[in-house]
Every structure is written in C-alpha cells, then in structure tokens.
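Bear in mind that the values in this text are calculations on the coordinates, not laboratory data. Everything numeric here is computed off the predicted structure, so don't read it as measured data. With ideal geometry, Cβ positions are generated from the backbone for all residues, glycine too; neighbour counts draw on all protein chains shown.
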Amino acid sequence: MTNQLPLLEVRDLDIAYGDVQVVFAMNMVVGQQELVGLVGGNGSGKSTILRAVSGMLKPKRGSILLQGQEISGISPHQLTDLGVAHVPMGRQLFPAMSVEENLEMGAYLKRSKANKKQNLEKVYAFFPRLLEKRKLFAGSLSGGEQQMIAIGRALMSEPTILLMDEPSLGLAPKVVQEVMQVIHSLRTLHLTVLLVEQNVRQVLKITDRAYVLEHGKLVIEGQSQGLLENDAVKRAYLGL
Ligand SMILES: Nc1ncnc2c1ncn2[C@@H]1O[C@H](COP(=O)(O)OP(=O)(O)OP(=O)(O)O)[C@@H](O)[C@H]1O
Ligand SMILES: [Mg+2]
C-alpha cells in the first residue's frame with residue numbers, strides 16, 4: 001500500500017518569516033524514485049520550501065507528508081532518521097578536515113553509524129575521485145568536487161530522499177553540467193531527489209517533472225520535457 005503513496009507531498013503550504021508571508025498555497029508531489037525540479041528566480045521561495053520540508057522551518061498552514069505521514073514541525077534530526085537528507089546551499093563542508101572526515105560526518109545516526117564502512121565504500125564507488133582524494137583537505141578540492149563531497153556526505157545517512165539546494169551555485173558552466181550529470185545518475189542508487197535551482201534550463205534537462213515558482217506562488221508545473229518546449233517557459237526562463 002505505502003508504495004502507492006507519493007514519497008513526498010506538500011499540500012496548500014503557507015510559510016512566513018515572522019509577519020511576512022513568502023510562500024502561498026504551494027502544492028507539490030514527488031513520487032518514489034522521481035527526480036523533481038523546483039525552480040524560480042531570486043527570492044521566489046525555493047529554499048524556504050526546502051527548509052520547511054527538512055524541518056528547519058515550521059509552516060504557517062498546510063501539510064507536508066512523507067509517505068502519507070505528516071512531518072511538518074518534526075525536528076531536522078528526526079527527519080534525517082526518516083530518510084530525508086538536505087544538501088544545503090553553499091555545501092557547508094569543513095574545509096580544514098579531510099574529504100573522508102567530511103563524508104563520515106554524514107553518518108551520525110545509529111543506523112548509518114553501524115553501516116559507516118559499507119556506506120563509505122558505496123560513496124567511493126559512486127565518486128571514484130573522492131576515493132583518490134580522501135586524505136586531502138576538503139577545502140583544497142575544486143568546486144565541483146566539493147559538491148560531490150556534499151552529496152556523498154548526505155548519502156552517508158542512507159536517505160530515501162535528497163533535497164538539494166542550488167548545487168550549481170558558484171560553479172563554472174562546464175562544472176555545472178558535470179554536477180547535473182552526477183545528480184541525474186543518482187537514480188541508479190534508487191534515490192528520490194528534489195532539486196532546487198535557479199538554472200532552469202539545466203534542471204529541465206535532467207529532471208522528470210518540475211515546478212516553477214514566482215514570488216512564492218506556483219505558476220507552472222509539468223513534465224520537464226514539455227516545459228522545455230513550452231513557449232511561455234522559453235520566453236520567461238530560457239531566454240528564447
Ligand atoms: N531568514 C529569513 N528571514 C526573513 N526573510 C527571509 C529569510 N530567508 C528568506 N527570506 C525571504 O523569503 C523570500 C524567499 O526566499 P528564499 O530564500 O526562499 O528564496 P529562493 O527562491 O531560495 O531564492 P534564491 O534563488 O536567491 O536562493 C525572500 O523574499 C527572502 O528575502
Ligand atoms: Mg535559495
């Protein structure tokens with residue numbers, strides 16, 4: 001039965017910072033093993049929604065359901081335990097610690113602690129470059145490699161859903177493509193991914209479906225391929 005429920009569902013979500021409401025009646029569904037994009041310009045509310053889903057913010061109204069279970073208001077730590085992993089904007093690594101030490105930080109739950117060695121091997125199998133550089137300071141790696149560490153660290157908690165906030169931020173265009181390919185290939189690990197990005201074109205190329213936000217409101221949603229060909233999307237977001 002539970003397999004028929006979407007992995008994540010957001011219903012009629014309002015979110016405010018103090019008296020200032022910034023997300024309005026948001027609805028979104030992320031199916032099991034789907035790769036879904038949440039895109040929109042600066043300040044449109046993408047990170048705010050992600051923070052609510054990962055328990056860092058309590059919404060003003062509405063529901064956040066994980067496999068049908070209400071999770072709004074649950075602590076970030078409990079959510080990690082339920083399989084929700086957040087890869088934050090700006091990566092937030094410890095630059096003066098080794099790559100491996102950074103990865104190991106992701107394994108702080110009881111469950112993931114017990115499987116730390118195996119999970120580390122899985123991460124290295126997925127990112128061979130991190131294995132090569134495991135003893136180096138994380139801060140000495142390139143921007144793209146640091147993004148791989150951030151993803152790898154999230155994988156160490158054995159997540160079912162990865163929430164990624166602007167993984168392309170601050171990376172050169174060529175590296176952005178590389179990171180997008182990495183995210184696309186996460187599906188080989190049977191993961192579900194919610195990807196937040198300003199880079200609409202890149203997101204639509206790799207995701208199954210996407211939601212487009214403007215000023216905290218959902219304006220368009222659909223299959224990513226269809227959105228890439230949609231005239232309004234092309235004009236507003238793809239500069240065509
Ligand atoms: N901690 C905060 N306190 C008050 N207002 C905030 C806070 N964080 C964000 N906001 C406001 O909420 C709105 C949505 O911001 P949010 O960071 O979610 O947008 P975003 O879509 O992630 O933008 P960006 O692409 O720039 O990261 C903006 O108007 C922003 O100024
Ligand atoms: Mg943001």
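Tabulated data for the structure shown
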| item | result |
| --- | --- |
| Candidate aspartates and glutamates - alpha carbon under 20 Å from K46, same-chain residues fewer than 8 apart omitted | E9, D12, D14, D19, E34, D165, E166, E197, D208, E214, E221 |
| Paired Rg and Dmax values of the stretch 127-212, which use every Cα atom, in angstrom | 12.9, 40 |
| Three-way shape call for the stretch 1-49 based on the alpha-carbon gyration tensor, with the a/c threshold at 1.5 | oblate |
| Base-10 log of normalised Debye intensity for the chain (one unit scatterer per alpha-carbon) at q = 0.08, 0.15, 0.16 Å⁻¹ | -0.29, -1.04, -1.17 |
| For the chain, with +1 on Lys and Arg beta carbons and -1 on Asp and Glu, the positive-most of Q69, S168, V39 along the dipole | S168 |
| Those aspartates and glutamates that a straight Cα-Cα span of less than 19 Å connects to K113, excepting residues fewer than 8 apart in one chain | D81, E100, E101, E104, E121, E158 |
| Contour excess over end-to-end distance, with Cα ends at E214 and E70 and 0.36 nm allotted per residue | 49.2 nm |
| Cβ-derived FRET efficiency at R0 41 Å, V22 paired with F94, nearest 0.05 | 0.85 |
| Solvent-free Debye scattering, log10 I(q)/I(0), computed from the Cα coordinates of the stretch 97-240 at q = 0.13, 0.22 Å⁻¹ | -0.63, -1.35 |
| Globularity ratio of the stretch 1-120, using Cα Rg and 2.2 N^0.38 Å | 1.18 |
